[in-house]
Amino acid sequence: MSLLSGLVAVAVVFAALVIAGPGGAGFLRLLLGGIVIGGGVLFSMLGRVTTAQFVLPLIVVISILTFVLILSVALGRTEEQIRAKAALNGLLARRNPLVRATAIQSAIFAFGTGTFITGEAVYSIKIIGLRVAEAGLGLTIGMASQFLVSIPFGRLADRIGARTCWGIGNALQAVAFLGWLFVHGFWPFIAVVVGRKVTAQLGQIGWSTYRLAAFPRETRVRSGAYNRAALNVGFTVGALFGGAALATGSLTVIRFIPILTAAILLVSATMIRRLPGATAQPSESQPAEARPSGGAAHAPHGRQAIRNAGFVVTSFFDGLLSSHQTLLLTVIPLWLVADTNAPRVLLAWLFATNTIGAVLFQVPVSRTVTGLKTAMRAEARAAGFMVASCLIILVTDHTVIWLTIPLIWLAHVTVTGAELFESSASWSLQSELSDQSRLGDYQGVASVASTLGTIWTPALYTFLATSLHATGWLIIAAIVVTAAVGIRPSARMAQRYLEEGPSTAKPQSRSLECDSRIT
């Protein structure tokens with residue numbers, strides 16, 4: 001049975017490669033690749049259940065090689081064209097050392113924090129001695145503190161410089177991680193968690209403002225994609241490292257994790273300090289006095305971001321569209337465990353597929369977003385992928401196992417597609433709809449509004465999916481469609497606010513103005 005499954009998997013692989021061919025839409029071929037890999041995993045699992053163990057590694061290897069081949073097909077080029085396109089993909093990083101430097105810093109930062117996050121629950125319960133409810137309450141209070149400081153930190157970044165906030169945030173996070181070594185009891189735990197979350201938010205606001213200030217408008221989305229890919233790599237390696245530490249079962253090794261994380265964050269802060277200061281690139285229509293700074297202190301011009309109702313609503317809807325992470329990390333795993341007959345080991349394959357897809361496809365997808373018009377199109381595509389995922393997965397509680405596995409796999413691939421397009425659109429919206437003299441203020445407001453758009457989705461989506469089943473998934477899809485419909489007029493309102501405001505810090509340049517208008 002295993003040998004037969006393996007042969008069928010190989011046949012499916014080559015059939016898919018022939019069908020995909022060199023033409024067609026790249027991401028549609030990615031979806032086809034996901035289906036093929038899902039088939040490989042399905043046959044792998046069936047083989048593991050029925051026969052010789054040596055067949056399983058063979059089929060797993062076939063699945064991995066299939067993924068590599070699908071990547072080449074997805075680019076839709078000959079071998080020479082693939083090399084040329086890869087060279088173009090790396091052109092920005094080679095010509096702009098700042099992209100490379102910030103990507104490396106992002107990977108290092110993510111490695112450190114990913115190592116700790118993997119073992120955070122174990123550290124809280126085994127080392128500090130907290131109950132599960134106490135640990136959960138502490139993390140909730142920590143997230144609430146992040147919410148409260150976002151707007152003040154954004155305005156601080158405008159005054160003292162984004163790079164300064166970013167570097168201080170990383171350094172203070174290192175101190176907060178060292179504080180874990182001295183925590184004994186609930187209230188000291190609360191103090192350390194709040195300190196870590198607040199300093200993390202200072203660093204995040206500083207980084208997001210620095211990214212907008214340091215890079216020209218034309219490269220902001222692409223630079224964000226490079227850094228997101230680097231973050232995914234760093235978090236993955238950090239999670240593996242943290243998992244290895246937990247696997248030792250040694251409390252001494254687990255106690256060492258905060259020290260390692262603190263040391264890595266100090267390295268990260270040093271790297272940030274060595275980056276150049278940054279001043280955002282104003283448009284030709286922007287007044288000379290509106291000069292935002294990524295490195296030097298200044299008093300910001302223009303009206304406060306919170307008064308731009310269109311931007312607030314746009315950020316809220318964008319946060320709601322980013323609830324693909326809720327589906328990815330919470331709802332689909334719970335659905336798989338509670339409402340389907342799929343094996344639990346499938347979760348590992350799903351998360352691995354998402355990570356690989358995010359690393360390899362984020363930069364190519366980001367090239368499709370060049371302004372507000374294409375950002376709106378990307379948000380619509382993200383919503384389409386999320387709706388497709390809901391429609392696919394709602395039937396999996398009544399399917400047989402050989403059909404359940406590929407359907408859940410396909411639903412997960414579509415969620416990955418939503419993540420790629422929504423992320424690229426979000427970077428563009430922040431770039432295009434921010435007053436260039438108050439970038440930090442706008443980043444703080446965007447953080448708050450986006451959080452309001454997504455913080456309630458884990459509880460609601462989980463309830464809808466697990467209690468109402470198919471009807472619940474349709475309601476989730478309707479929520480997503482509502483956000484996709486609402487974000488266009490709100491973005492148009494935000495754009496008009498900037499154009500009519502006294503500072504008139506218009507984000508568009510003449511060369512790309514045709515893509516900076518929402519019609």
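The values are calculated or read from the model by the stated rules, or taken from the named source; none is laboratory data. Keep in mind that what you see is a predicted model, and the values were worked out from it rather than measured. Quick reminder, even Gly has a Cβ in these numbers, built from the backbone with ideal geometry, and neighbours come from all protein chains shown.
Tell me, please, whether a residue that is modelled with pLDDT under 95, acidic (Asp, Glu) and surrounded by fewer than 21 Cβ atoms within 10 Å (Cβ to Cβ) can be found in region 125-143. Yes, that holds for at least one residue. With respect to the conditions (1) over 24 Å from the mean Cα position of the chain (by Cα); (2) crowded, with 22+ Cβ neighbours inside 10 Å, Phe109 falls short on a single one, namely (1). Meeting the requirement of 3 or more residues that are buried (at least 24 other Cβ atoms within 10 Å of the Cβ) and of a type in the set (Asp, Glu), no helices (runs of 4 or more DSSP H) wholly within region 153-256 can be named. Taking residues in region 323-351 that are touching a residue at least 12 places away in the same chain (Cβ under 8 Å), and partners anywhere that are assigned to a helix (DSSP H, G or I) and among the aromatic types (Phe, Trp, Tyr), the pairs with Cβ atoms closer than 6 Å and at least 6 places apart or on different chains are Thr326/Tyr461; Val331/Tyr461. The set of residues in region 413-460 being small (Gly, Ala, Ser), in contact with a helix residue (DSSP H, G or I) (Cβ under 7 Å, 6 or more places away or on another chain) and more than 25 Å from Phe385 (Cα to Cα) consists of Ser434, Gly440, Gly444. Trp402 meets the conditions (1) surrounded by fewer than 22 Cβ atoms within 10 Å (Cβ to Cβ); (2) in contact (Cβ under 8 Å) with a residue 60 or more places away in the chain; (3) within 21 Å of Thr471 (Cβ to Cβ) in every case but one. The failed one is (3).
Of note, Gly206 satisfies the criterion of being of a type outside the set (A, V, I, L, M, F, W, C), within 14 Å of Phe109 (Cβ to Cβ) and in contact with a Gly (Cβ under 7 Å, 6 or more places away or on another chain).
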